[in-house]
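Right, one structure below, let's go through it.
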Amino acid sequence: MGKLANKSEVLYHIGFAPERLRGATYALLPGDPGRVQTLAEALGPAEFIATHREYTSYLADLAGEPILVCSTGMGGPSVAIGVEELARAGITHFIRVGTTGSIQEKINLGDIVINDAAVRLEGTSTHYAPLAYPAVADLRLTNALVAGAQAAGVTYHIGTSISSDTFWPGQERYDSFTGYVPRRFQGSTAEWRALGCTNYEMEAATLFVVARAFGLAAGCVCGVVAKRTDSEKVAPTDTYAQASAAFAATVKEALLLLTKKAGK
Ligand code: URA
């Protein structure tokens, strides 16, 4: 067990003290601060806790169980900072709820992908464990997300994310300022596809490595907002809404199972 913060100590980046969590041990981690309130209210009555830098937090009441929803911003460094402080505040289970670009033909816009592993195409996790260390999700959380997707009736896929430090070159996007993708990434999407990877995003690998290195549990579910076999573009807002509804319903069902409130 790591070192917990004092109950009344306001943690520097997340901007609140552990006592505000009312004993919550589960956290949902969207990237976007703008999605926190909606996601929290999809679980049940929710109260605002704090907003500081990229970390906006609400505490939701899911059938009597407190669940924290806290944004992480984009990319590995801000995920690692958030997880460090949330772990010190008593969170033991982290579920990333994000958006993603699919790279397999069969994965469509608005579907969800449950990531049970991630390629460490980022740098932050190497500060916590050598590259030989795997970025894998917790099995119990992953199984609950699968059961949650089934209960919610959404179209889901399970697979390996490629967690990239960049949205453009690392995800082999050419519609950038220069249009140039360094040689190391040219052809990389086809290679990841051939290796069976499912999607690009920017946070799962860091979350999986940091949580496992801490002896804590992490899972990840992402809504598909770009279909890279068709286009580099991110889809219009109605697809965002469809993907958000799918992952919100999935995590709610998953959390009901995990906290043993299902059917109550
Ligand atoms: N997030 C990413 O990192 N990539 C995408 O294509 C979509 C969302």
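The orientation-averaged projection of the convex hull spanning the C-alpha atoms of segment 139-264 amounts to 9.3 square nanometres.
Entry note, segment 18-258: relative contact order of 27 percent, from Cα contacts under 8 Å with a spacing of 6+ residues. Under a 5 Å amide H cut-off, with hydrogens placed 1.01 Å from N, G98 pairs with V221, C222, G223 among residues at least 5 apart or on other chains. Amide H contacts for T56 (H built 1.01 Å from N in the peptide plane; partners 5 or more residues away or on another chain; cut-off under 5 Å): S71. Bin width 10 Å, origin at 0, all Cα-Cα pairs of the chain: what percent of pairs per bin? For the chain, the pair-distance distribution reads 8, 32, 37, 18, 4, 0. For K261, a cut-off of 25 angstrom between C-alpha atoms picks up these lysines, skipping any fewer than 8 places away in its own chain: K252. Listed by Cβ neighbour count within 10 Å, with the fewest neighbours leading, R183, R96 appear as R183, R96.
When the helices of the chain are scored as -39500 (n - 2.57) per DSSP H run of n ≥ 4 and the total is divided over every residue, the value at 222 nm lands at -9000 deg cm²/dmol. Which angle between 0 and 90 degrees, to the nearest 10, do you get for helix 204-213 versus the longest principal axis of the chain when only C-alpha atoms count? Approximately 50 degrees, to the nearest ten. The ellipsoid that matches the Cα gyration tensor of segment 37-171 has semi-axes, each √(5λ) in whole angstrom, of 24, 21, 15, with the longest given first.
For segment 55-69, the Karplus equation 6.51 cos²θ - 1.76 cosθ + 1.60, evaluated at θ = phi - 60°, returns couplings of 9, 10, 10, 10, 10, 9, 9, 9, 6, x, 9, x, 10, 7, 10 Hz by residue, with Gly and Pro reported as x. Label positions at H13 and R193, each projected 7 Å from the Cα along the C-beta direction, are separated by 3.5 nm. Extension gain for the segment A245 to T229, taken as residue separation times 0.36 nm less the Cα-Cα distance, is 3.4 nm to one decimal.
If you fit an axis through the alpha-carbon atoms of helix 237-258 and take the longest principal axis of the Cα set of the chain, what angle between them do you get, 0 to 90°, nearest 10? With both axes taken from Cα atoms, the answer is about 50 degrees. Projected onto its three principal axes, the C-alpha set of segment 1-94 covers 31, 28, 19 Å, listed from the longest axis down. Ordering of 224-232, 211-219 by packing is 211-219, 224-232, highest average first (other Cβ atoms within 10 Å, averaged per residue).
Every read-out reported here was derived from the displayed coordinates using simple, explicitly stated rules and does not represent laboratory data. Treat the numbers as computed from the prediction; the structure is a model and nothing was measured. No Cβ is skipped: glycine too gets one built from the backbone with ideal geometry, and neighbour counts run over all protein chains shown.
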